[in-house]
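Read the figures in this text as sums done on the coordinates, not as results from a lab. Note that the structure is a prediction, hence the values are computed from the model and not measured. Cβ sites come from the backbone with ideal geometry, for glycine too, and all protein chains shown count toward neighbours.
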Amino acid sequence: MSDSKMPLYRTPTLDPDVMETWSSYVARFENDADFIQQQVEQGVMVTTFDRLVGMLDQVYNWGRRSSIWPLGFGLACCAIEMISTAAGRYDIDRFGAGLFRASPRQADLMIVSGTVTKKMVPQIVRLWNQMPEPRYCMSMGACATGGGPFKEGYNVVSGIDKYVPVDVYVPGCPPTPQALLHGLIMLQRKIDGQSIKDVSWYRRGAVEEIPVPILGADLIDLRRLPQIRGGAAAPEPVAEAAEAAPVEA
Amino acid sequence: MIASDLKAMTPVMPADIAAKAAARMGDAVTMDEDGALVVEAAKLPALVRLLRDEHHLNYLSNLTCVDWPDRFETVYHLCSMQGGGQVTVKVAADKARPIVPSLTSIFPGADLQEREVWDMYGVRFAGHPNLRRILMWEGFAGHPMRKDWREAYYEQDQKPLKSRWPNGEFFFGEDTLSNWADNIKYPTGYAAEGLIDEGRADNNIAVIDAAALKLNPDIQGDHVIVNMGPQHPSTHGVFQMRLTLDGETVMDLQPVMGYMHRNHEKIGERNLWLGNMPFTDRLDYLAQLGNEWGYALTVEKMMEVAVPERAEYIRVIMAELTRVQSHMWGITFLLNDIGAFFTPMMYAIEERELILDLFEMTTGSRLMCNYMRFGGVAYDLPPEFMPMARTLVYDRLEKAVDEMDSYLTNNEIVRERMQGVGILPPEMAISYSTSGPVLRASGVPYDVRRAEPYGIYDRFDWDVVTRPEGDIFARYMVRLGEIRESLKILKQALAQIPEGPIMGGKKAWQIRVPAGQHYGRVENPRGELGFYLVSTGESNPYRYHVRSPCFVNLTALAEMSKGHKVADVVAILGSIDIVLGEVDR
């Protein structure tokens, strides 16, 4: 905020005596709630900017964490458990996250539910880029987290976090609905810890697009283009190291 | 309409036919030790026509390829709609320039399967109208299922991987195996310049469009190509349809798949025999135990292991419960697509959860059960299984089906959207190699459980459900009928199940499968699931091929969809009820 021309707020000019009594005044209250209660009863609130923002954060975060709209986006087996979580028995709606949106433009949370393949990863990155901030990504299951049982496959990306920043990892193959709900609660906890003062999406230029990878001879990550250009002709190390390793009989 | 069985017809005897056909064709055809017909490439269409026209082998069940050290061998499995086993035809192709005549003119169902063989093995099919990659993308380097093609994380040909224990200690370092500390690999001297236009971030779109235009060279100005999927709420996963539209009417449809291709077969050829069992769960993840049974059955045939009585009953109970929950899911997902969004699903998932409870209490997992073993099952049923299963089968599920039936079947919107849409005539259904409810809804009473009974299905009293119409509504009704038939089988199985052992054969640390090959198939909720396994006597399969019913059923999607509106295509796709884990494998 230092670079902006106009400060967003003015520090209230208070009498030095008042300022001095302030901390001792606040210390009289056990916690914030009592303090706020006291202020409300007085009909006037005197507080510091940080405390004000803290109160605003609570409302702001409460609203956001209670209505996380996931993207209706299923990849593989985990998607079946995701749908089960949305249905009657587990009822993800209790956590306010039951409104699966068909469009990424309306979604807050991308649950990467299943194996991320090289053929699919450009589309996933594009979907992520289309989601507006604040947005969160949950990596559901072993495949999305690190390739899982299919890690060695030639068409498998070993983890969506190679392309999209992940907020919560949910282990399991597939995770049970309970595990997914636990992941959601963890995400809510993460949201609760954020403050309107320092979240990235209110800063200029903070949101950057992830370059959509290209399908060439293999998956091409555009961020590594110079390396690919320089290094494609390099010899393959592949199995030499493994074969050279002595094997105990 | 519930048609009576196929028992009246004489089932085909594969050995007789093979001998007769070999005699007719003269020197061009020989029989190998597995009873398969080995034919010269040039004579393949003639032989297949002969088998189709004179021996009633009118159904191309499976088409795949094996990479032997000296040759590529394309393998065809032909069946008869009259029941009985299959005849195997093999064609050897040259290792350097493999070319085999295409069968698409005789069996249109060979279309996608031949494209898969081209993609995975690089075997060209002369005369194929559209021989392009199907699971990988155009431009991918190499044909990955070849034995000499090594992926970036390649360590050794066979598991268990000794390189994971270099000095007697566990070593976790897949990422160090590749140049890029990643699962990527570029051919030597690969130049990225040609592909990448750095000015455009969405380069991939241009690549896709170019391919689409190449596909339709005679495209007219008024037609529009629309890419539907892979991210679309009604594609049942990551499936893409490339629609050529005239206004709202579908003129042509190209299925584009591979977005969920996770290299099941390549990994399966490295795994130990038993190590593939948990992977089969992840094929059609709505019919886990059916897949496991198919794989176990095939390996048991090769090993010649007998399955104890109790285990057979447990398998039937598990497979039929799987079918019930899968069909419930399929029906309600179809209703999702035609506008009854999620409400029918809520009803179906409520029942499905109860069935999953049974799986969980028996196998320890809701979805990925990993329950069957070669020669039986892994665990016996827990004591609380039978009371709950009886309550479900006798009281609860039947009512649930009736409830679904009464709410949905005569609903006006359901009828309007489903009847007369997506018609697949019976001849076309057979020639396109469709199977399962899609085939039976076209009036063909073909069910592997009846045509070539496996397990103990010949002991139960049940009917093959068919409908004559061949439209979406017929497929819906067939599924509904099959839930009822499954409950009928379940009632008998639950009443008859004996006590006894659950595993047959000798106990062994390492499973030895004698050299040979076998194509085993089961009737899964989505159709005929086949496993073509080749063993060379090693600890892992030499070839591990999955004949996926959804994948083959999709061959007929274009024919069903032409002339309908875009919204109907969504419903038609829903009525095929694909599961992408199995389509792309």
**Report entry** Magnitude of the charge dipole, chain B, Cβ model with Lys/Arg +1 and Asp/Glu -1, debye to 20
**Finding:** 1040 debye
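Across peptide A:111-118, how many C-beta atoms of other chains are within 10 Å of each residue C-beta, on average?
5
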Query raised in the report: Got a sec? Charge dipole of the protein assembly as shown, +1 on Cβ for Lys and Arg, -1 for Asp and Glu; which of B:Val393, A:Trp62, B:Pro453 is way out at the positive end?
Result: B:Pro453
**Report entry** Which of B:Val465, B:Thr176, B:Ile106, positive extreme of dipole for the protein assembly as shown (C-beta unit charges)
**Finding:** B:Ile106
Query - 12 Å beta-carbon shell around B:Leu554, net charge (K/R +1, D/E -1) - result: -4
Report task. Based solely on C-alpha atoms, express the radius of gyration and the Dmax of the stretch B:446-585 in angstrom. Result -> 19.1, 58
Report task. May I have the count of lysine pairs in the stretch A:67-199 with C-alpha atoms under 24 Å apart, counting pairs 8 or more residues apart or located on different chains? Result -> 6
Requested in this report: Divide by every residue of the protein assembly as shown the summed helix terms, -39500 (n - 2.57) for each DSSP H run of at least 4, and state the resulting mean residue ellipticity at 222 nm, rounded to the nearest 500 deg cm²/dmol.
Outcome: -11000 deg cm²/dmol
Query raised in the report: So which GluC sites (Glu not before Pro) in the stretch B:288-352 end up in coil per DSSP with only 11 or fewer other C-beta atoms within 10 Å?
Result: B:Glu304
**Report entry** Under 17 Å from the Cα of B:Lys488 - lysines, other chains or at least 8 residues apart
**Finding:** B:Lys399
Query raised in the report: Reported to two decimal places, what Rg/Rh ratio describes chain B when computed on Cα atoms with Rh from the Kirkwood expression?
Result: 0.95
Requested in this report: Using a 10 Å cut-off on Cβ atoms, rank the peptides B:508-514, B:528-534 from the highest mean neighbour count down.
Outcome: B:528-534, B:508-514
**Report entry** Kirkwood Rh, Cα atoms: Rg over Rh of the stretch B:264-584
**Finding:** 0.97
Query - Kirkwood Rh and Cα Rg combined as Rg over Rh, evaluated for the stretch B:282-393 - result: 1.02
**Report entry** Approximate shape of the stretch B:227-336 as ellipsoid semi-axes (Cα gyration tensor, √5λ), whole Å, largest first
**Finding:** 35, 19, 11
Query raised in the report: For B:Lys90, which lysines qualify as cross-link partners when the Cα separation must be under 16 Å and same-chain residues fewer than eight apart are set aside?
Result: B:Lys43
Query raised in the report: What are the lysines whose alpha-carbon lies under 16 Å from the alpha-carbon of B:Lys95, with same-chain residues fewer than 8 places away excluded?
Result: B:Lys147
Query raised in the report: Looking only at other chains, what is the average number of their beta-carbon atoms within 10 angstrom of each beta-carbon in A:67-80?
Result: 5
Query - Cα Rg, Dmax, the protein assembly as shown, angstrom units - result: 29.2, 113
Requested in this report: Would you work out which of A:Thr47, B:Ile572, B:Leu354 lies farthest towards the positive end of the dipole of the protein assembly as shown? Charges go on Cβ: Lys and Arg +1, Asp and Glu -1.
Outcome: B:Ile572
Query - Within the protein assembly as shown: Cβ-based charge dipole about Cα centre, in debye rounded to nearest 20 (Lys, Arg +1; Asp, Glu -1) - result: 780 debye
Query raised in the report: Among B:Thr249, B:Thr64, B:Thr343, which comes first, second and so on when ranked by fewest other beta-carbon atoms within 10 Å?
Result: B:Thr343, B:Thr249, B:Thr64
Query - Solution diffusion estimate, µm²/s, Stokes-Einstein, the stretch A:67-199, Kirkwood Rh from C-alpha pairs, 10 °C, viscosity 1.306 mPa s - result: 108 µm²/s
**Report entry** the stretch B:447-519: radius of gyration over Cα atoms, expressed as a fraction of 2.2 N^0.38 Å
**Finding:** 1.59
Report summary line: Taking only the Cα positions of the stretch B:1-148, the convex hull volume per residue in Å³ is 135 Å³
